[in-house]
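The values are calculated or read from the model by the stated rules, or taken from the named source; none is laboratory data. All values reported here derive from a predicted model rather than from experimental measurement. No Cβ is skipped: glycine too gets one built from the backbone with ideal geometry, and neighbour counts run over all protein chains shown. To get the accessible areas, we keep the full protein, side chains included, count just its heavy atoms, and leave off ligands, DNA and RNA. Shrake-Rupley method; radii C 1.70, N 1.55, O 1.52, S 1.80 Å.
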Amino acid sequence: MPMTLTQLVVMALLQIVLLLAFVMMLVPLITFAERKVIAYVQVRLGATRTAGGLWGAQAGRTHKSRTLTGGLNGLMWYLGRVPMLSIFRGLPVFIADAVKLLTKEDIVPEGADKAVFILSPAISVISAFTVFSAVAFAPGALFTFPAWFPIVGGLPFNAFLTDINVGLLFILGISSVGVYGIVLGAWASNSKYPLLGGLRSAAQIISYEVPLTLSLLVPVILTGSLNFNEMARRTATEVHWLAIPLLFVGFFIYTTCAFAETNRVPFDLAEAETELVSGFHTEYTGMKFSFYFLAEYANMILVSALAAGFFLGGHYLLPFGFQTFLMKAGETAWFNQPSILFFLGKVLFLLFVFIWVRATLPRYRYDQLMHVGWKYLIPYTLVLIFVAALIRYIA
Amino acid sequence: MFKTEEMEINLGPQHPSTHGVLRVKLRLDGETVVKCTPIIGYLHRGVEKICEDKTYFQGQVWTDRMDYVASVSNNLGWAEGVEKLFGITVPRRAHYIRTMLTELNRLSSHLLWLGTHALDIGAMTVFLYAFREREQILDCFEAFCGARLTTTAFRIGGLREDLPPGFIKQVQAFQDRFLDCLDEYETLLTENRIWKKRTVGVALLNADDAIALGVTGPVLRAAGNPYDIRKAFPYAAYAEMQFDVPTRTAGDTYARYQVRLEEMRQSHRIIQQCVDGLPEGPVMAKLPKVLKSEVNEVYHAIEAPKGELGYYFVGEKGSQNPYRMHVRAPSFVNLQALPKMTEGKLLADVIAAIGTLDVVLGEVDR
Amino acid sequence: MAITKVWIEEGCIVCNACEAECPDVFLVTADSCHIKADSRVDGKQDENLVAKSELKADLHRSLEDAIVAAAAGCPVNVIKYEQVANAAEAPAAPPVDAEIDAALGKALGAPEPAPSAAPAPAAAPAPAVVAAAQAPEAATDKPRITKVWIEEGCIVCNACEADSPEVFRVTETTCMIKPGVRLDGKETENRQEKNGLKPEDGERLMDSIIAAAKGCPVNVIKYDVFGNVPAAEEAPAAAAADSGPYVYDYKAAPNRQVAMPKTAPLASFHAYEAEQKALAEADEAKWQKQLADFETAKAKAAAEGKDAPKPPVRAVPRKDDNDLKFPAPTDAKDPDLLRLHALLGDKVSQSFEQAGELTCQVHPDCILETLMLCRGDHELNYEMLADQTATHYPAAEGFDFSIVYHLTSIARRKRLRLRVLVKEGQVVDSATQVYPSANWMEREIWDMLGIRFENHPDLTRILCPEGWEGFPLRKEYPTLGWGQRDIDFREDRAGVVMRMAMEKAGQMGINLVVPKAD
C-alpha cells in the first residue's frame, strides 16, 4: 500500500522516537546490569538500596505507604526479599544515575576550545545513534496500526527505520565518524591526559577499524549483499555448510575488534582509569560526559547487533548458519520463524559478554594492542576473506 | 615545518594509581618515558621530630601512621628497637604472638598490594577477592587489640594483654581457607596472557642495581638475592620458624608477583607454626613503670612487607624520650629505583612499576 | 590638627551610629548617610564621595573629636576624613576591619585569620636607645616604659584591661590607651601618634604593661622600653636563635619556645669507660671515708669508754628485679672493626661494640675513603648502604652533628655503623659515588638537618618544599608549627567578641546562629 507523504513522515517520526527511546532506555539498563553482573563476579552485592533512597526509605520498607511511588517502592523491596530478585531493590539506580548526570555542574575548562569542546560529545552521540537507522531489529513489521489510528491507521510498523541496500557501508561509515568526537574532545580539553587518551583512541580505533571491516567482509562475500536484512537472513539460513567454521572464526575476530572499537576492557586504553585518570573525557562533566557515556554504550549495542545479525543468525534461532539445517523442517515451524526476540536475546547475551570480560581481564598496553591488531588480526582476516571467496566460488 | 616536542606530565599527586600522594614528573616522548622524577613529601608529618617529644611508650602510636597498611610490622620494629636500646628480654610467648601477628599483617599488606597492583593493570576483580581475605585478617586484629588499621599492637617488653579467648580459633579459621583463596587469585592472574604480557620483562631491576640503590624486600628477592632479614638477622621468634625465602631471578614485575604470592604461602606456614607451637607463660617482661635510658645508639631492622624497616634510636641519659629517632623506611628507599625501572619504557609501565614497588606514601614521607 | 574633609565611601549600611556620635555633620537618610549641607563649603548634601568638598572652617577643630569617633565607630568603616597639620593623614580604617573580621570569623565558625606578620620583639635594646633619645626629660635612669600602643588586629578580648586597668580601656570595637597615663591626654589606640607615657606611670606600671603585652592573645600590644628590662623577661632562647642562619620569632609565640638539650648523648666506649671508672672511684672514696669515719668513731668511743659503733657495711648496688639490662659498650673485638682500624690507622677515632652492633667513628675527611674500603675490601665487603642519617647535638663541644651510615653485608650477614662528627657548615663528601642509595638519604639529611654534601648529584630538599625556612630536625626547631597554633586565644568568658560579632552581623543583614558551646 503506497503511503502518502504525511504518512511517511509521521511513520518515520514514530519509528525514530521509538528507536531512540529504546536505545536510550537500554543504555542505563546496561549500566545497571554492568553494576550487578560485576558485583556478582566480585562476590559483592552491587546496588541494593536505591529503591529506598529515591522514594523515601521509610515508605518502602514499612509497606504502609498508600501513594503510588511508595507502593512501587514497597513492591521493589518485597521482590528484593527473594534472593534471585534482589536486583529490584537497586534497580532505580539507573534513574538516579541519569538524574545525577543531568544535575552535575557543567564545566568548560579554562583554555579549552569552547566550540569544539561542546561539539565533540555531540558528534560522538549523534553518530552512535544515527547508525541504528540501518539496523533491522526484526525483518518485517512488528505490528500493524489499527484502522482507527489517525494518519497511519492500517499501516505496518517496521522494526527497522530504513532498508537501504548498502546498509553495511552506511553503518561502517557513520560509526567511524564517532572517533572524531573522541579526538576532538580530547584535543579541545587543553589538558594532557585527555590528549594522550585521544591520541591512543585515534590510533586504536583507526587500527581496529581495518580488521573489523575486513571480518565483516566474510558475511558480505558469503551472502553477496550489503543490506542488513538480506545479510541477516542469508547468513542464518542460506550459507554453505563449509562456511560455518568460517563464520565461527570471523565472529571471534569481529568480537575482538568490537571490544577495541568500543574502548572496552581489555582494550580500554583511551580511558584507562589507572593510567590516564579518565582518558579523553577527563575534563568532561555532567551532560557532556553523559553524551560520551551514551555513545559508548550505544556503540556497544550496535556492535552487538551487528555481530548478532551477521554471525549469530540474526533474527533466527541458531547462530553461525546452523539454521540452514533446521530450515529443512519447513518454514512454517515456529523455530524457523524470524523473531525480534531471538535477535534481542543475542544482543543482550553479547552485552553480557562485554561486562563479563570487563570483570575478568586486565588491560593491554598500548604497543601490545597495536601489535595484536596489525600483526595478528589483519592477516587472519585476509586469510578468512580468501577462504570465504573460495567457498563462494565452490558453492 | 613539523617538529616533535617532549611533553611533561604530572602523574599525581592526585592520581588514581599513585597509591596516595606520590607525584611523578614524567617527560614523555609520545608515550615513552624520557625522564622520570619522583617528587615526594606531600604527606610529610615529621614523625621523627614528633617522636623526640614523646616517650618511648607514646612514640609507638606514631609508627602506625607511617606504613598504615602494615602497622603491626611498624609496631614490632619500634618495640624491638626500644627493647634493644634498653636491653629488655621479652618472654617467649610474646615473641610467638608478635611473630604471628606480624605475619598476618604481612598477608594483609601483600593482599592489598595484590589487589591494587592488579587494579592498576586493569584486572579489577582480584582487588575485591583480596580484600575479602584481608577483611578476615583485620577482624583478627580487631579481636586482638580493638583496632583494625592503626593497631599499636605491642608494648615495650612484650604485649599488654594475652590473646583474647577464641583468637586462635579465629586465626585457624582463616588459615584453613587461605591457601584455597591464593589458588583462586592465581587462576585469575598467573597464566593469564594479558597479565603476563603486562608484567613479564616490565620494570626490570637486576640484583646489583637493587643492592646499589638500597632496594630490599620482595623487589630484591625477585632479582635473585635471597636477602631476608628474618633469616639473615633473626628477630622475634623467626629463629625457631621453618620457612623458605622465595626468590626469582628475572627481576621483573612478574617475578615480584610470584615472589610475593610465594611469600604469602610461607607466611601462612609461619602462622601455622606459631598457632601450633604457642608456648605458655607470661607475655610481658618485668619493667619499671618509667623507662629512662642510658646513652646508647641502636639500629634495629626488621623485614617489613615492603623491605628492610629500620629504626635508629639515640638514647639520652635519664630521659624518657628518644633523643633522636629515625626510620629507615623501605618504601622511601625502594622508590629511588623508580627512574631506573621506568626510563625508556612506556607510560603504562610506570603504573606497573609503582604498583610493583609497593610503596606506601605514609611511610615514604613520614 | 584639624579635619578638613569628610566623606562617606560606598557600602554604608545605614546604621545611625555616626549620626549619634556627630549629629552636626552626619545625616542618615533612608538609603545612605549624608554629610549635612550646613557643615559643607559647597552647601550640598550628599555622601561627598565625588565632590570631596571641604568642611566649613569653623568646624575643622570643634568637631574633630566627634568625627574621629564617628569614623571609628562606623561598623563598616566607610567614613573617611582628611586631617591636616602635624597629624598623620589617612586614619584608621583597617584596625576595626581586621577586628570585625576576626570576630565575625569566630562567630561564623570560620578559622581565625592568621595574625599579620609579627614585628620584631619590642623589648629589643635598639628601640630603647631611641626612646632614651626621644625622652630627654626622663630624669630617672630607672627602667620604664616610654610608649605603649596597640597594633592592628585587636580582638577586643579584655585581657589587657584585666592585666593593667590603669593603661588600657577596652571599648566596643578596640582597645584604647587611657588618657590619664598619656602625655597628650588623648584616648586612642596610639598607633599613629605613638604618644609617650608619663614617666612616673611608665615606671610604676611597667610590670603590668609587660604582663598585658605578653598576655595579649594576638600580640598587638607593643611598647618601647627605656633602660634594662628585668632579667626574667628575657627569653634565653631568643638570643641563641638570633645568631643562627635563620631567625625564629620566639617572642611572638611563647608556646613555641624550645627547650634545648643540655647534654650531647653520643654513645662512646671511652666515655662510658671513663664514667664507670669515675663512678667506681667515687664509690671507693666514699667507702674509704666511711671506713675512716668508723675508725675515728671507734677510737673516740674507745677513748670515752663507750661501746664501739657498728662497723660500716659497704653498700651493694641495688638489684632491680626486672628484665632490663643496659647493654654496655665494650671494646672492639670484632674482626671487621679491627680490620678497619688496621687499614685506616689514626683516622679511626674510636670503635666499639654495643648491643651487638659495631660502631666505627672516623674522621669526616676520610669518610669517602672508609666507605670505599667497606665496599671494596674483600674481607669487609659491605654491599649495601641500608641507612644514612644524622643527629643534631647543640650541646656538644667540638662538633654539631653526627652522621651515621648503616652498612649491611648481605653475603656475610653483618651490619656496621660508621659515624662521623661534623661542625655546623662543614661539607661532607657525598656517599653517592660509592653507594647510589645515599642519594635520597643525603637529600633528606640536607632537608631535615641542613648538612651539605659535596659531589651530590641533586642536593635539594626532598620532604619539605623548596624554600622552607629552617631545618626541622635540628633541636632548635620548634615542635609546634607556624600559623594557627601561635594564636592561643583566651576563652571569651564574657562573650564580648561573640556579642559584638552578632551585633555587627545583624546590622549587615547576616543571620547568625550562635554556635553551641562545647
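Couple of notes before you dig in:
- Taking Cβ atoms as reference points and 15 Å as the exclusive limit, the residues near C:Pro465 contribute a net charge of 0, counting Lys and Arg as +1 and Asp and Glu as -1.
- Spin-label zone in the range A:194-236 - amide nitrogen under 12 Å from a point set 7 Å from the Cα of A:Leu326 along the C-beta vector: A:236
- Rotationally averaged projected area of the range C:330-454 (alpha carbon convex hull; nm²): 7.4 nm²
- The lysines whose alpha-carbon is closer than 16 Å to the alpha-carbon of C:Lys52, local same-chain residues fewer than 8 away aside, are C:Lys5, C:Lys36, C:Lys44, C:Lys80.
- Listed peptides B:198-207, B:33-42, A:113-122 by packing density, highest first (mean Cβ within 10 Å): B:198-207, B:33-42, A:113-122
- Put a dot 7 Å past the Cα of B:Glu191, heading toward its Cβ, do the same for B:Lys3, and the two dots end up 5.4 nm apart.
- In the distance distribution for the range C:390-433, Cα-Cα pairs more than 15 Å apart total 52 percent.
- Residue-count net charge about B:Met284 - beta-carbon cut-off 10 Å; Lys, Arg +1, Asp, Glu -1: +1
- Total accessible area lost when C and B pair, probe 1.4 Å, Å² to nearest 100: 4700 Å²
- For peptide C:263-271, the mean count of partner chain Cβ atoms within 10 Å of a residue's Cβ comes to 4.
- Tail beyond 16 Å, pair distance distribution of the range A:229-287 (Cα, percent): 62 percent
- In this rough spin-label picture, where each label sits 7 Å from Cα along the Cβ direction, the C:Leu291-A:Leu119 distance is 10.8 nm.
- Exposure check, 1.4 Å probe, all protein chains in place: A:Ile164 carries approximately 60 Å² of accessible surface.
- Cross-link reach is defined here as a Cα-Cα straight distance under 17 Å, omitting same-chain residues fewer than 8 places apart; for B:Lys306 the aspartates and glutamates meeting it are B:Asp64, B:Asp67, B:Glu103, B:Asp228, B:Asp252, B:Glu262, B:Glu263, B:Asp358, B:Glu363, B:Asp365, C:Asp387.
- Pairs exceeding a 29 Å alpha-carbon distance, out of A:Lys288/B:Lys35; B:Lys231/C:Lys277; C:Lys289/C:Lys319: A:Lys288/B:Lys35; B:Lys231/C:Lys277.
- Net +/- balance of residues flanking A:Tyr292 in space, Cβ distance below 12 Å, scoring K and R +1, D and E -1: -2
- Of the DSSP H helices in chain B, those whose Cα atoms cover at least 15 Å axially and whose Kyte score averages 1.6 or more: B:347-357
- Here r is the Cβ-Cβ distance between C:Glu503 and B:Leu149 and R0 is 41 Å; the resulting FRET efficiency, rounded to 0.05, is 0.30.
- √(5λ) per eigenvalue of the Cα gyration tensor, chain A, largest first, Å: 34, 30, 22
- Whichever lysines have a C-alpha closer than 20 Å to that of C:Lys186, once near sequence neighbours (fewer than 8 apart) are set aside: C:Lys147, C:Lys178, C:Lys194, C:Lys198, C:Lys222
- Three principal axis lengths of chain B [C-alpha, angstrom, descending]: 80, 46, 33
- Put the Cα centre of the range A:101-160 next to the Cα centre of the range B:135-155 and the gap is 55 Å.
- Projecting label points 7 angstrom from Cα along Cα→Cβ for B:Thr249 and B:Lys317 puts them 5.6 nm apart.
- If you sort C:Glu476, B:Glu8 by accessible surface, 1.4 Å probe, largest first, the order is B:Glu8, C:Glu476.
- Cross-link pairs beyond the 28 Å C-alpha cut-off, checked among A:Lys36/A:Lys192; A:Lys192/B:Lys3; C:Lys286/C:Lys325: A:Lys36/A:Lys192
- Counting 0.36 nm for each residue step from A:Trp148 to A:Met25 and taking away their Cα separation leaves a gain of 41.4 nm.
- Subtracting the Cα-Cα distance of C:Asp38 and C:Thr4 from their residue separation scaled by 0.36 nm leaves 10.8 nm.
- Within 10 Å of each Cβ in B:191-200, the average number of Cβ atoms from other chains: 4
- Counting, for every residue in C:404-410, the Cβ atoms of other protein chains within 10 Å of its Cβ and taking the mean gives 5.
- Cβ crowding within 10 Å averaged over residues, with B:51-57, C:283-289 ranked highest first: B:51-57, C:283-289
- Descending principal axes extents, the protein assembly as shown, alpha-carbon based, whole Å: 141, 103, 74
- Burial ranking of peptide ranges C:11-24, B:343-356, B:150-163 (average Cβ count within 10 Å, highest at the top): B:343-356, B:150-163, C:11-24
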